[in-house]
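Q: Structure in structure tokens, see below.
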Amino acid sequence: MGALLGVLPFFAYTTIFLGIPTLIVVVGAFVDGNGQPTLGNLSALAQPQIVSAFVHSVVLSAVTAVLGASFGALLAYAVSTAREGSLMRRLVASACGVLAQFGGVTLAFAFIATFSSQGFLTLWLKKYGIDLAGSNWLYDPYKGLVLVYTYFQIPLMLIVFLPAVEGLRPQWREATESLGGSTWNYWRHVGGPILAPSFIGAMLLLFTNAFSAYATAYALISQGSPIIPLQIGGTLSSEVILGQENIGKAMALGMVAIVAVVMTLYVVLQRRTTKWLGS
Amino acid sequence: MSLHGTRRRRQAGFRWAVVGVIGLFFALPIVAMVEFTTRAPGGGRTLDTWATLFNFSVIDADYPELQHGVLASAGLTLLTVTIMLVMLVPTMTWVRLRLPGVRRLVEFICLLPLTIPAIVLVVGLAPVYAWVAYFLGESSLWLALAYVILVLPYAYRALDAGLGAIDVKTLAESARSLGAGWPTVMWRIILPNVRTAVLSAAFLSVALVLGEFTIASLFSRDNLQVAINLLGKRDSSLAIAAALAFMILAFVVLLAMSFVGSSRRSSRSEES
């Protein structure tokens, strides 16, 4: 019993700042403005702008997870061929550490400086007759946001995937070669299957990372709320419409549900891959 | 020496090509930020924006929000890292020593924030923070209480790796049999042995707290990112310069820390 006292502070803290907030979201999603139980908040999720925000968010996160994972894995492999402790490795790792966390406002401003109507690239391309500013593509969730998000997805992939790539032993490659295997054979039958579970795991982490990203889109987009985190943020700041707050909780519950589906998928997939690898 | 010379050269070529192309992709917005902030009104170049940014008396007088934001973020970083370490290191050590049964539960709780988006946490935290404001006041510093939750997964992984690499049980039992109390065991035995892990946990927390925007913005509190965003509405050129400056600062700090961590490790392996 005395031993349990030692972990009491940790459980008390996480209950207050993690358990209770989660409970508030779950319960609030099923309660109306007067505290009466209702399913109205959930049916409010069928509003066209909320549905389209969910669709935008899921597609945006999936596309940038695949893009970020592919390029990030390529970068991680390239960096892993450098000597451990070399300057290139340190530079890339530190830069990725900053870029993965400094997404948000800094990234949005960087994009304004680059692609807005007065941006560096826009003005530069204008000289050659190419017009970037016209179509407002930067604020489109499927064009501009995809490009913006890859700027924090690739660095995050490097951070989470580099340890896995470092686990590949040169001896495996040599063994493949001494058996007459080509580079393609090595990746198809040795390197690929070994990295597959961590690659998929990292990709799903990237999905949830993009799915929950709020700051970048908030700082970049001044009109409308095309993705779900912005919709939820909107319900928090506008207290005019009664019951709107609980629709926010229903949307939050929807986000958690989607992440939970992704995580379940991950567990199932990983069980499969370990079975394949084991046989 | 195990690789063939030709493959080694080919690998080096591949490495430079990939890092070069992706590096260019990332360099573009940074170059654009430099270009944007050095524009002179009539065309041409000027360093006026950067001179203003580093002229602290002007910043204090004309842009007080930036000063508030920097101070708040510095305080938040310190407070978050302190609470995180004071709570996690003893708990994780204790669990390894006396309660191996709850280890999976602690791990589950610590990794849970990865699956709960920050925006969802904000929704649920709003009533909790009403109480925090009631008991502790409205200060931006109390955001640290929520930031600890955000850094839990990263800190847990780093500390778990560090504690896994040492023999916690033997160390603690030897210290106890020599008459040390639990605080002494934590402070003088465990902590020095997981120094690298503590450093890397602290490091990830610092990067996360300095970049945090969502919670601070939605609770209308000050921090660095909120201040930069606010500045963007008044003076976009200065805001972009500030954003770039703080990003470079964070990069330099991270790079320096990567040298500190590794030189410690190598000097220790030389000793043994």
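Q: Give the ranking of A:Y142, A:Y149, A:Y128 by solvent-accessible surface, highest area first, calculated with a 1.4 Å probe.
A: Of A:Y142, A:Y149, A:Y128, the descending order of accessible area is A:Y128, A:Y142, A:Y149.
Q: Oh, and also: Could you rank B:H68, A:H56, A:H189 by how accessible they are, 1.4 Å probe, largest area first?
A: The ordering from most to least exposed comes out as A:H189, B:H68, A:H56.
Q: Ordering A:K249, B:K169 from largest to smallest accessible area (1.4 angstrom probe), what's the sequence?
A: My answer, sorted largest first, is B:K169, A:K249.
Q: Right, here's the next one. Enumerate lysine pairs in the protein assembly as shown that are 8 or more residues apart or on different chains, then count those whose Cα atoms are under 29 Å apart.
A: Lysine pair count for the protein assembly as shown: 6.
Q: Over all alpha-carbon pairs in segment A:4-107, figure out the percentage whose distance exceeds 15 Å.
A: Beyond 15 Å sits 80 percent of the P(r) for segment A:4-107.
Q: A further question follows. How many percent of the accessible area of segment B:125-240 is carbon or sulfur, using a 1.4 Å probe?
A: 62
Q: Buried accessible area for the A:B pair, summed, 1.4 Å probe, in Å² rounded to 100?
A: Chains A and B together bury roughly 6900 Å² of accessible area.
Q: Under a Cβ-only charge scheme (Lys and Arg +1, Asp and Glu -1), can you give me the dipole magnitude of chain A about the Cα centre, in debye to the nearest 20?
A: 700
Q: How large is the helix-only mean residue ellipticity at 222 nm for the protein assembly as shown, computed as the sum of -39500 (n - 2.57) over DSSP H runs with n ≥ 4, divided by its residue count, in deg cm²/dmol to the nearest 500?
A: Helices in the protein assembly as shown give a 222 nm mean residue ellipticity of -24500 deg cm²/dmol.
Q: Mind checking the dipole of chain B: about its Cα centre, +1 per Lys or Arg Cβ, -1 per Asp or Glu Cβ, Debye to the nearest 20?
A: It comes to approximately 1340 debye.
Q: Still on this structure, I have one more. Could you state how much accessible area A:E174 has, in square angstrom rounded to the nearest 10, with a 1.4 Å probe and all protein chains kept in place?
A: Looks like 60 Å² after rounding.
Q: Once you compute Rg and the Kirkwood Rh from C-alpha atoms, what is the Rg to Rh ratio for the protein assembly as shown?
A: 0.97
Q: Comparing B:G211, B:G69, B:G101, which has the greatest mean-square fluctuation in the GNM of chain B with Cα pairs linked when under 10 Å apart?
A: Between B:G211, B:G69, B:G101, it is B:G101 that shows the largest mean-square fluctuation.
Q: Here's something else I'd like to know. So how far, in whole Å, is the C-alpha centre of segment B:67-144 from the one of segment B:199-229?
A: So the separation of the two Cα centres works out to 13 Å.
Q: While we're on this one: Which three extents, in whole angstrom, do the alpha-carbon atoms of chain A cover along their principal axes, largest first?
A: Result for chain A: principal-axis Cα extents of 74, 73, 34 Å.
Q: Just the Kirkwood number for segment B:115-158, please: inverse of mean 1/r across all distinct Cα pairs, in Å, one decimal.
A: Evaluated over segment B:115-158, this radius sits at 11.4 Å.
Q: Same structure, new question: Once amide H atoms are built 1.01 Å from N in the peptide plane, which residues 5 or more positions from A:V31, or in another chain, come under 5 Å H to H?
A: HN-HN under 5 Å from A:V31: A:T38.
Q: Relative to 2.2 N^0.38 Å, what does the C-alpha radius of gyration of segment B:74-195 come to as a ratio? Two decimals please.
A: Its radius of gyration relative to the 2.2 N^0.38 Å reference: 1.22.
Q: With r defined as the distance between the Cβ atoms of A:S52 and A:A260 and R0 fixed at 25 Å, what FRET efficiency is calculated, to the nearest 0.05?
A: Using R0 = 25 Å, I get an efficiency of 0.70.
Q: Set Lys and Arg Cβ to +1 and Asp and Glu Cβ to -1, take the dipole of the protein assembly as shown about its Cα centre, and tell me which of B:W182, B:F14, A:A250 lies farthest positive.
A: Result: B:F14.
Q: How many percent of Cα pairs in segment B:5-55 exceed 14 Å?
A: Value for segment B:5-55 (Cα pairs over 14 Å): 68 percent.
Q: What is the projected area of the convex hull of the Cα atoms of segment A:143-266, averaged over all directions, in nm²?
A: 9.9
Q: So how much accessible area does A:D140 have, in Å² to the nearest 10, using a 1.4 Å probe?
A: 50
Q: Per residue, what volume in Å³ does the Cα convex hull of segment B:157-226 take up?
A: It is 106 Å³ per residue.
Q: A further question follows. Considering the alpha-carbon set of segment B:1-121 alone, what are its Rg and its Dmax in angstrom?
A: Cα radius of gyration and Dmax of segment B:1-121 are 25.0, 71 Å respectively.
Q: Now a separate question. A:E177 accessible area, nearest 10 Å², 1.4 Å probe?
A: 70
Q: With charges only on Cβ, +1 for K and R and -1 for D and E, what is the dipole size of the protein assembly as shown about its Cα centre, in debye, rounded to 20?
A: Result for the protein assembly as shown is approximately 1940 debye, rounded to the nearest 20.
Q: Okay, next question. Would you mind computing, in nm to one decimal, how far apart the modelled labels at A:V190 and A:Y128 are, each placed 7 Å from Cα along Cα→Cβ?
A: Once both label points are built, they end up 4.3 nm from each other.
Q: At 0.36 nm per residue, and after removing the present C-alpha to C-alpha distance, how many nm does the segment from B:V86 to B:A27 gain when stretched out fully?
A: Contour length minus the Cα-Cα distance gives 17.3 nm.
Q: Evaluate the Debye formula for segment B:63-271 with equal point scatterers sitting on the alpha carbons, no solvent, and hand back log10 of I(q)/I(0) at q = 0.08 Å⁻¹, in q order, two decimals.
A: Debye output, listed in q order: -0.34.
Q: Another question, if that's okay. Taking +1 at the Cβ of each Lys and Arg and -1 at the Cβ of each Asp and Glu, which of B:T170, B:T93, B:V123 sits farthest along the dipole of chain B towards its positive end, judged by Cα position relative to the Cα centre?
A: B:T170
Q: What average count of beta carbons from other chains do you get within 10 Å of the Cβ of residues in B:21-34?
A: Shielding by partners across B:21-34 averages 6.
Q: I've got another one for you. Enter the mean number of other protein chain beta carbons within 10 Å of the beta carbon of each residue in A:87-99, as an integer.
A: Averaged over the peptide's residues, the number is 5.
Q: Which of A:Q36, A:A76, A:F120 sits farthest toward the positive end of the charge dipole of chain A, with +1 on the Cβ of Lys and Arg and -1 on the Cβ of Asp and Glu?
A: A:A76
Q: May I ask you to find the residues of segment B:232-247 that are shielded by at least 40 Å² of accessible area once the whole protein assembly is considered instead of their isolated chain (probe 1.4 Å)?
A: In segment B:232-247, residues shielded by partner chains: B:I240, B:M247.
Q: Return the average number of partner chain Cβ atoms within 10 angstrom of each residue Cβ along peptide A:224-231.
A: The shielding value for this peptide is 1.
Q: Please give the per residue accessible area of segment A:45-278, computed with a probe of 1.4 Å over protein heavy atoms only, in Å².
A: 45
The values are calculated or read from the model by the stated rules, or taken from the named source; none is laboratory data. Because the structure is predicted, anything quoted here is derived from the model rather than measured. With ideal geometry, Cβ positions are generated from the backbone for all residues, glycine too; neighbour counts draw on all protein chains shown. Side chains included, ligands, DNA and RNA excluded: accessible areas come from the protein's heavy atoms. Shrake-Rupley method; radii C 1.70, N 1.55, O 1.52, S 1.80 Å.
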